[in-house]
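> Attaching a single structure in structure tokens format; questions to follow.
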Amino acid sequence: MTTSTDTAEVHFWAPPDLPGLAFDPTLYRLLHEDPVARVRLPNGTGHAWLVTRYEEVKFVSADPRFSREAVWGRDVTRVAPHFIPMEGALGFADPPDHTRMRRVVAKAFTARAMRRLRERAQQVMDGLLDAMAAERARHGGPVDLMAGLNRPFPLAMMGELMGIPEADLHLVAHWTDTIISAGAGREASERAKEEFAEYFTELLGCRRLEPRDDLAGVLAEAVQEETLTLKEAVGLAVLIQLGGGHAVRNNSANMVFALLTHPDQLARLRAEPALLPRAVEELLRYIPHRNAVGLSRIALADVEVGGVLIPAGDPVYVSYLTANRDPSVFADPDRLDLGREDNPHVSFGHGAHYCPGASMARLESELILSSLWDRFPELRLAVPVEQLVWQRGALIRGPETLPVEW
């Protein structure tokens with residue numbers, strides 16, 4: 001039976017800054033009580049639909065009647081005061097444009113490219129761990145894992161993938177942090193996006209003159225071949241850098257925190273190293289890696305979702321976080337179980353907008369978790385959990401610092 005939408009309650013949802021791995025109570029309640037709900041977020045106007053159950057999330061993510069492109073230019077209710085992707089970027093594209101752009105990006109994430117990147121990744125990792133060991137030997141106190149590993153490692157890997165000179169990585173880090181924060185404000189974010197776009201425009205121009213085998217080279221070649229416009233190529237570069245640098249930084253720190261605060265699961269992983277790939281998948285499922293939701297879609301027609309009729313023209317959000325906690329799909333979903341075998345999580349999205357850098361994120365996560373405890377088997381938190389400080393106003397959740405000792 002289809003439910004009428006005329007009298008549906010509108011839930012005002014101002015996502016809180018939550019500590020650690022705490023799950024958003026509003027998301028949890030809607031998943032179990034109102035799985036296709038109307039919500040109003042802190043910015044923008046009107047209301048939107050929020051879909052929280054696994055099957056309905058996959059349905060909306062894959063059905064072409066829900067458009068990302070139609071979002072652009074509309075003042076949709078949203079978490080941040082600004083849109084994160086640039087106009088014309090992959091995040092706002094629908095097929096066939098999305099398919100065309102995605103095909104270009106895929107060239108940078110082939111199995112061969114990931115094997116080559118893994119060799120370099122281990123070198124970078126070893127250097128960072130050496131520096132952490134030296135710092136602790138000099139000062140004897142705790143070492144901040146965010147500063148020593150979780151910030152610089154993904155940033156260096158994205159630099160390798162994209163072809164960004166090491167001397168410019170601090171600029172990239174600043175722009176990324178400004179754009180991805182809900183608290184930085186619209187003006188600061190838009191200025192950072194403009195500066196980021198100018199930087200990548202220059203970098204792609206350099207690659208046209210001196211081609212290289214990196215993602216900037218791939219994008220520059222696509223512009224030369226007229227597969228992409230320059231604006232599309234720059235938008236892709238910015239979006240991939242944001243996801244690969246910032247998201248992996250925070251989520252990998254969350255993974256370390258999760259293991260340090262679940263000693264039984266850490267002990268199991270230490271006893272069964274072959275469990276690592278499965279452990280990473282479970283950590284990806286379990287950790288609420290972002291605050292609230294990402295980009296919305298616009299219903300291009302009246303569509304029934306989970307027994308509720310969503311009218312044409314209405315914005316719709318999906319929550320991959322709640323989909324990963326749906327008890328109809330995951331047994332005991334609120335428990336971290338590194339041995340979980342049936343784990344079809346949607347942490348990298350679903351459908352056309354599935355994260356193109358998923359293979360790289362998995363590679364980095366596995367390398368961090370294996371190398372960290374191989375080098376420092378007695379690794380532990382240096383302060384009580386309640387003293388840890390978590391980022392505020394961040395769209396991707398993570399600790400400000402993660403002091404450890406061994």
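The values are calculated or read from the model by the stated rules, or taken from the named source; none is laboratory data. Please read all numbers here as calculations on a predicted model, not as lab measurements. Reconstructed Cβ throughout: ideal geometry from the backbone, glycine too, with neighbour counts over all protein chains shown. Accessible surface areas use protein heavy atoms only, side chains included; no ligands, DNA or RNA. Shrake-Rupley method; radii C 1.70, N 1.55, O 1.52, S 1.80 Å.
> Report the full-extension gain for the segment ARG103 to GLU166: residue separation times 0.36 nm, less the Cα-Cα distance, to one decimal in nm.
Values: separation 63, 0.36 × 63 = 22.68 nm, distance 2.76 nm.
Result: 19.9 nm gained on full extension.
> What FRET efficiency, computed as 1/(1 + (r/R0)^6) with R0 = 60 Å and r the Cβ-Cβ distance, is obtained for GLU386 and THR227, rounded to the nearest 0.05?
Computed FRET efficiency for GLU386 and THR227 comes out at 0.70.
> Roughly how many debye, to the nearest 20, is the charge dipole of the chain about its Cα centre, given +1 on each Lys and Arg Cβ, -1 on each Asp and Glu Cβ, and no other charges? Walk me through the intermediate numbers first.
Working: 43 positive and 56 negative charges, 68 e Å.
Charge dipole, the chain, about its Cα centre: 320 debye, nearest 20.
> Here's something else I'd like to know. Express in nm, to one decimal, how much length is gained between ARG29 and ASP334 on full extension, taking 0.36 nm for each residue of separation and deducting their alpha carbon distance.
Details: separation 305, 0.36 × 305 = 109.80 nm, distance 1.35 nm.
That works out to 108.4 nm of additional length.
> Along Cα→Cβ, 7 Å out, is where each label goes; now give me the distance between the ones at ASP130 and VAL10 in nm to one decimal.
Rounded to a tenth, the inter-label distance reads 5.9 nm.
> Considering Cα pairs under 8 angstrom that are at least six residues apart, work out the relative contact order of the stretch 200-304 and quote it in whole percent.
On the way: 43 pairs, mean separation 18.1, N = 105.
This gives 17 percent for the stretch 200-304.
> In addition: Where the accessible area of the chain is counted over protein heavy atoms with a 1.4 Å probe, how much of it, in %, is carbon and sulfur?
Details: 8840 of 17130 Å².
For the chain, the apolar C and S fraction of the accessible surface comes to 52 percent.
> Quick one: order GLU166, GLU378 from most to least accessible surface, probe 1.4 Å.
Final ranking, largest accessible area leading: GLU166, GLU378.
> Also, quick follow-up: Could you state the accessible area per residue of the chain in Å², with a 1.4 Å probe and every protein chain left in place?
Details: 17130 Å² over 406 residues.
Per residue, the chain has 42 Å² of solvent-accessible surface.
> Now, a different point. What is the antiparallel percent of DSSP beta bridges lying wholly in the chain, to the nearest 5?
On the way: 19 of 27 bridges.
Roughly 70 percent of the DSSP beta bridges within the chain come out antiparallel.
> Quote to one decimal, in nm, the extra length available between ALA301 and ASP342 on full extension: 0.36 nm per residue of separation minus the C-alpha distance between them. Could the numbers behind the result be given before it?
Numbers: separation 41, 0.36 × 41 = 14.76 nm, distance 3.45 nm.
Here the answer is 11.3 nm.
> Calculate for the chain the 222 nm mean residue ellipticity that helices alone would give, adding -39,500 (n - 2.57) per DSSP H run of length 4 or more and normalising by residue count, nearest 500 deg cm²/dmol.
Details: 14 runs with 181 residues, N = 406.
Rounded to the nearest 500, it is -14000 deg cm²/dmol.
> Sticking with this structure for a sec: If r is the Cβ-Cβ distance from GLU272 to GLU400 and R0 is 30 Å, what FRET efficiency results, to the nearest 0.05?
Details: r = 32 Å, r/R0 = 1.08.
About 0.40, to the nearest 0.05.
> Which one of THR201, THR176, THR45 has the biggest mean-square fluctuation once the chain is modelled by GNM with Cα springs under 10 Å?
Highest fluctuation of the listed residues: THR45.
> Here's another thing I want to ask about it. From the protein chains alone at 1.4 Å, what is the descending order of accessible area for SER359, SER252, largest first?
Working: SER359 50, SER252 5 Å².
Order by accessible area, largest first: SER359, SER252.
> Projected onto the charge dipole of the stretch 103-247 (+1 at Lys/Arg Cβ, -1 at Asp/Glu Cβ, origin at the Cα centre), which of PHE109, GLN241, ALA188 gives the Cα projection farthest towards the positive end?
Farthest along the dipole direction, towards plus: PHE109.
> To the nearest 0.05, what FRET efficiency results for ALA358 and LEU309 with a Förster distance of 41 Å applied to their C-beta separation?
Working: r = 33 Å, r/R0 = 0.81.
Taking R0 as 41 Å, the efficiency between ALA358 and LEU309 is 0.80.
> So for ARG112, ARG102, what's the accessible-area order with a 1.4 Å probe, most first? Please list the in-between numbers first.
Working: ARG112 170, ARG102 60 Å².
Heavy-atom accessible area, descending, gives ARG112, ARG102.
> Now, a different point. How high is the relative contact order of the chain, given as a whole-number percent (alpha carbon pairs under 8 Å, six or more residues apart)?
Values: 637 pairs, mean separation 107.9, N = 406.
Reported relative contact order: 27 percent.
> Along the charge dipole of the stretch 261-377, pointing to its positive end and built from +1/-1 on Cβ of Lys, Arg, Asp and Glu, which listed residue (SER319, HIS353, LEU275) has its Cα farthest out?
Of the listed residues, the answer is LEU275.
> Can you list the residues, at least 5 places off or on another chain, whose amide H is less than 5 Å from the amide H of ARG78, using H built in the peptide plane?
The answer is LEU41, ASN43, GLY44.
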